[in-house]
Amino acid sequence: MNKDIIGHVRIGVSHQANKYDSSTYLRLLQPIPIPSTVWEDVSMEFIEELPKSMGLSVMFMAMDKLSKYAHFMVLAFQYSSLDVALSYLDHVYKLCGPL
């Protein structure tokens, strides 16, 4: 076992010395573009497996990235894209309007 370890260490050192650099090269960071109007860029999050309240156990959050204003809505666990769209229209679009 001692011979195997010594042999592995010797081979490992030569492999490490001859290994090429596969990392990406650093460059200047590019800034994220700032939205020009509110509710142009929206972030959406779903928080699931919450304790049930009136049969609803999912929290849906829609947040504007410019103003950091957020709307919180609740959904039933088996929600569809239609449920999310209707909830967004009922709670966000009717208050904030079109872009």
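Observations, loosely collected:
- Considered as a group, the residues in region 45-88 that are of a type in the set (Phe, Trp, Tyr) and not in a helix (DSSP H, G or I) include one that is surrounded by the most Cβ atoms within 10 Å (Cβ to Cβ), and that residue is Phe60.
- Residue within region 18-26 that is at pLDDT below 90, among the small types (Gly, Ala, Ser) and more than 24 Å from the chain's Cα centre (by Cα) present: yes
- Residues of region 30-44 satisfying the condition of being surrounded by fewer than 14 Cβ atoms within 10 Å (Cβ to Cβ) and either touching a residue at least 60 places away in the same chain (Cβ under 8 Å) or touching a Ser or Thr at 6+ places or on another chain (Cβ under 6 Å) (or both): Thr37
- Residue pairs meeting the criteria (Cβ under 7 Å; at least 6 apart or on separate chains; first closer than 21 Å to Lys52 by Cα, in region 75-93; second assigned to a helix (DSSP H, G or I) and of a type in the set (Gly, Ala, Ser)): Leu75/Ser87
The values are calculated or read from the model by the stated rules, or taken from the named source; none is laboratory data. From a predicted model like this one, the values you see are computed outputs, not experimental measurements. Cβ: placed from backbone, ideal geometry, glycine included. Neighbour counts: every protein chain shown.
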